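Colleague: Below is a structure I'd like to ask you about.
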Amino acid sequence: MTSKQVVIVGGGVSGLSAGVCLSERGVPVTLLEQKPTLGGRAYSFKDAETGDIIDNGQHVLIVGYERTMQFLKTIGTLHLLSIQPLPVLIFHHPQKGFCRFQLPKLPTPMHFIVGILQSNLFSFMDRWRMLRAGKDIQAADVEDSLATMTVEQWLDSVGQSAECRRSFWEPIAVSMMNENLATAPALPFVRSLRKAFLGNWRNACLAVPNVGLSQLYVEGSQKYIDTHGGKISCGADVVEILFKDSLVERVRLRNNVEVECTALILAVPPYRVQALLPDAMLRGPSLSDIQSIRYSPIISAHLWFVKDFMDHEFCGLIGRRTQWLFNRRKIIKESGKGGHVSAVISAAYDFVEYSNEELIRLTLEDIRSVYPALATEPTHAVVIREKRATFSLTPKTEYLRPPQETSVPNLFLAGDWTNTGYPATIEGAIVSAERCADLAMRVV
Ligand SMILES: Cc1cc2nc3c(=O)[nH]c(=O)nc-3n(C[C@H](O)[C@H](O)[C@H](O)COP(=O)(O)OP(=O)(O)OC[C@H]3O[C@@H](n4cnc5c(N)ncnc54)[C@H](O)[C@@H]3O)c2cc1C
């Protein structure tokens, strides 16, 4: 092994984007991933029965995720996103039926104001309440007061009605934060809303991959790193970090192979960081609390039907257990026959121990509450439970997120859980990775 190299542990989106970013700057990387495949919490596979590509969980991006868009451009897969020409959200309300929230092509903040006033999702009074919340979202000087609040407390402080919460804030916040309103922190939520709804109207356009997640994130990254002289090893489980003179010198794999490092980027979840770093480092100020980080689950139920009955690509469900339905037949371009719907429950604490049969029944009930004419049973179903889908964001965990820099000058931390100011998202993972790449450049 060459002795002058950046070693990246973890082949999720943060590890891959750190690898791409360093390769772009001419720095050779060695990426070590414990599993046989890359992608971490963003991967896809072929369903054996139908041949359809399934994601471990439907991912939705916004155009305002600038670093993600740039990363996909670099690895040559930006064209694999279907991007809305105008920001539109379709919801299904139990009493009002399908409702629309659309931002017109107007300058900021007129697009938000007109979008709220025109939406049939809100009552007359709720439109004014939404505009009151919009004022807070736009005002950067509210950040200090938001720092200790939950989303629910913030919604109280801006006078949102119970109906406004149920119809808009809940489906948006729970899926964006993967946490309940009473737990999720207000600050990263409001920052994300500012980015989405109060930047240019284009920022709020949703982008969904029209291929599986592995094709979107993994294949292009792998090719990019390979052609820039980097190395990727799967099945390479790092079990120990070896230090010399207060610097990382090598990592040791489970099979006892050792890999030398000039710099090390740990792009692994917090529970693996805890297992890998020495106690002295874990007692330091920025890492001493990572053992109290908890995780929040996401359930995805993929259901196949004889016919495609969904008119929209996706739809938010108001007042149901399922928050979003995705029509995979419309989203994924290489689609097969009949209908294929993915029903997503974020912050799924109450349901994660349910059996597959119970989850299929529950999501089917929710689907039928939107499409009562759907009489047929699913022809096939696959349930995916991601028990540690993201770390659980609370106002307290916001302060537990460590920076990318550590007390060891050639050791850096990447991942959606590190301090980026974003919720646990692809954008956060990429932002953390780019910061690590900048830091690693100083020592190679
Ligand atoms: C169901 C679901 C839906 C989601 N929806 C969205 C969405 O709509 N929009 C959005 O922006 N984000 C979404 N996310 C979040 C997004 O997927 C994550 O933020 C992102 O994938 C995190 O990437 P990461 O590289 O930080 O971590 P990970 O993907 O967890 O990568 C860490 C990698 O490190 C490897 N590893 C761990 N320990 C070792 C070791 N000792 N040696 C070698 N390798 C090791 C792991 O195997 C893993 O591959 C969703 C996540 C899930 C699970």
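What follows is calculated from the coordinates using simple rules that are stated; it is not laboratory data. Since the model is a prediction, treat every value here as computed from it, not as a measurement. With ideal geometry, Cβ positions are generated from the backbone for all residues, glycine too; neighbour counts draw on all protein chains shown.
Colleague: Simple spin-label model, 7 Å along Cα-to-Cβ: LYS333 to THR148 in nm?
Modeller: Result: 5.2 nm between the two label points.
Colleague: Another question about this same structure. Any idea which of ALA204, LEU216, GLN274 is furthest toward the positive side of the dipole for the chain, if Lys and Arg beta-carbons carry +1 and Asp and Glu beta-carbons -1?
Modeller: Working it through, the farthest residue towards the positive pole turns out to be ALA204.
Colleague: Now for a separate question. List the residue ranges in the chain for DSSP H helices whose C-alpha atoms run 20 angstrom or more along the long axis and whose Kyte-Doolittle average is -1.0 or above.
Modeller: 124-138, 356-370, 426-441
Colleague: Compute the Cα gyration tensor for the chain, then decide on rounded, prolate or oblate, letting a ≥ b ≥ c be the square roots of its eigenvalues: rounded whenever a/c is under 1.5, prolate when a/b is larger than b/c in the other cases, and oblate in all that remain.
Modeller: Prolate, because a/c is 1.5 or more and a/b exceeds b/c.
Colleague: Suppose R0 equals 22 Å; then what is the FRET efficiency for LEU247 and GLU24 from their Cβ-Cβ distance, rounded to the nearest 0.05?
Modeller: Efficiency computed from Cβ-Cβ geometry: 0.30.
Colleague: Now a separate question. Rounded to the nearest 0.05, what FRET efficiency do PHE98 and SER233 have when you use their Cβ-Cβ distance and R0 = 51 Å?
Modeller: Efficiency at R0 = 51 Å is approximately 0.55.
Colleague: Would you mind finding the longest exposed-site-free stretch of the chain, with exposed GluC sites (Glu not before Pro) meaning DSSP loop and at most 15 other Cβ atoms within 10 Å?
Modeller: It runs 50-333.
Colleague: Continuing with this model, one more query. For ARG388 and ASP279, compute 0.36 nm times the residue count separating them, minus their Cα-Cα distance, and round to one decimal in nm.
Modeller: Taking ARG388 through ASP279 to full extension adds about 36.8 nm, to one decimal.
Colleague: In percent, what relative contact order does segment 103-204 have, based on Cα pairs under 8 Å that are 6 or more apart in sequence?
Modeller: About 35 percent, as a whole number.
Colleague: Right, something else. Just the Cα atoms of segment 103-204, one point each, no solvent: what log10 I(q)/I(0) does Debye give at q = 0.16, 0.17, 0.24 Å⁻¹?
Modeller: -0.65, -0.74, -1.47
Colleague: Kirkwood hydrodynamic radius, computed over distinct alpha-carbon pairs, for segment 162-283: how many Å, to one decimal?
Modeller: Value: 19.0 Å, from the Cα pair sum.
Colleague: By the scheme Lys and Arg +1, Asp and Glu -1, what is the net charge of all other residues having a beta-carbon under 14 Å from that of ILE318?
Modeller: +2
Colleague: May I ask you to compute the full-extension gain from SER82 to GLU66, defined as 0.36 nm times their residue separation minus their alpha-carbon distance, rounded to one decimal in nm?
Modeller: Residue separation times 0.36 nm, minus the Cα-Cα distance, leaves 4.2 nm.
Colleague: Which far-off residues, 5 or more places away or on another chain, put their amide H under 5 Å from the one on GLU249, with H placed in the peptide plane?
Modeller: For GLU249, the qualifying residues are LEU242, PHE243, LYS244.
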